[in-house]
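Undergrad: Take this structure first; my questions come after.
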Amino acid sequence: MNCKQTHKKIIPYINGELNPDTIHEIKAHLNSCKSCNTLYNEVIKTMSIPDKRKEITPNPFLYTRIKEQLTTYNNGAEKKAISVSYKKLLQPIIVSVMLVFAIFSGIGLGNAYFSAKPKNKIIIEKTTAYYLNDLKQERLEMTILNN
Amino acid sequence: MNDKELIQGIINKDEKYFKIFVDKYQSLVLNVCTSFLHCKSDAEDLTQEIFVEVFLSIHKFRNEAKLSTWLYRMAVNRSLNFIRNNKKRNIIKNIGSFFTGDDKKEIQIADPSYLYEDSDDVENERIELLHKAIDSLPEKQKIAFTLSKFDKLSYAEISEIMGITLAAVEGLIHRAKKNVAKKILSHYRKTSKKGKRKH
Ligand SMILES: [Zn+2]
């Protein structure tokens, strides 16, 4: 068996999927070929790394951190709840207050207009009367001419 | 105190029960997250998030499954999500650096010695190679292989966590082993060829 053939059989060899004859051939090649032997050993060493896995000890402050995050979350949720209740409760109240204000100020303005109307009319009437009273103007001209 | 009492205590928002719960299961969650993420600080952050989520969603827990099975599932799913999001972030980062012409790549030097017994520089290279080979596996193979090899769970436990048959677990681990070994072999073949060319 040559190097290329051995490379192709290394994985089935590791997984124990080969027949005894092929196993014997590969063993013989690995014993005589340094580079294939190194390759085989590297694959074995890399594949067996998980066996060296250590158990990780949790950080002693993990619980404190979780508590902190939960407090931040709860504060956020409270703020959210407040803003939601603001939207749900305060907003309609404010809108209806503004509506009532708008209606009453409308009525008020309307009343003010109607109560002011006659006065304005008199003023207008007076001024128009003054400017359109030709007689009065003629009289004035006449008095100037006469003088 | 059994798990049922613990769960009821947490549902009632009793801090004492939650503290006992965290003390009991923090190692499980942290170790599973580390197995998938290969990074202690990321795994610690994720563990913290998982426990916060557990506290907020414990009422969703159905007593049909074991509490540990539920936690394993949660740890696996959150870890895979974390990896997916990280990949997306890296793609966006790479696209960004492509357009800005900023070629400085962040070199993350991972020191896996905290995770493995007597590791040196040569061993660290092997560790990195193995992690890369595992990360390239299809998701289901990755889950089964990682839980079996790193967290030392039995096939029965894995089948419960993944919700698949024992035979399916066996198949996944067998294929995963082959794929990982192939990656590792092709890496060493390439490096030995390069070495030969140099000489
Ligand atoms: Zn050879």
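The values are calculated or read from the model by the stated rules, or taken from the named source; none is laboratory data. The model shown is predicted, which means the values in this text are computed figures rather than measured ones. We place every Cβ from the backbone using ideal geometry, glycine too, and count neighbours over all the protein chains shown.
Undergrad: What is the residue count in the range A:4-28 for residues that are within 15 Å of B:LEU185 (Cβ to Cβ) and more than 60 Å from the chain's Cα centre (by Cα)?
TA: The total comes to 1.
Undergrad: Let me ask you something else. Any residue in the range A:11-21 that is aliphatic (A, V, I, L, M) and part of a loop (DSSP other than H, G, I, E, B)? Spell out how you get there, then give the answer.
TA: Of the residues in the range A:11-21, the ones aliphatic (A, V, I, L, M) are A:11, A:14, A:18.
The next check asks that each one be part of a loop (DSSP other than H, G, I, E, B); those that pass are A:18.
Looking through the range A:11-21, at least one residue is aliphatic (A, V, I, L, M) and part of a loop (DSSP other than H, G, I, E, B).
Undergrad: Given the criteria closer than 22 Å to A:LYS52 by Cα and within 18 Å of the chain's Cα centre (by Cα), does B:LEU153 qualify? Working first, answer last.
TA: Details: closer than 22 Å to A:LYS52 by Cα: yes; within 18 Å of the chain's Cα centre (by Cα): yes.
For B:LEU153, the condition - closer than 22 Å to A:LYS52 by Cα and within 18 Å of the chain's Cα centre (by Cα) - is met.
Undergrad: Might you check whether a residue that is more than 10 Å from chain A (Cβ to nearest Cβ), surrounded by 10 or more Cβ atoms within 10 Å (Cβ to Cβ) and small (Gly, Ala, Ser) occurs anywhere in the range B:29-48?
TA: no
Undergrad: Evaluate the following for B:LYS4: is it more than 23 Å from B:THR146 (Cα to Cα) and either modelled with pLDDT under 90 or in a helix (DSSP H, G or I) (or both)?
TA: Numbers: more than 23 Å from B:THR146 (Cα to Cα): yes; either modelled with pLDDT under 90 or in a helix (DSSP H, G or I) (or both): yes.
So B:LYS4 fits the description; yes.
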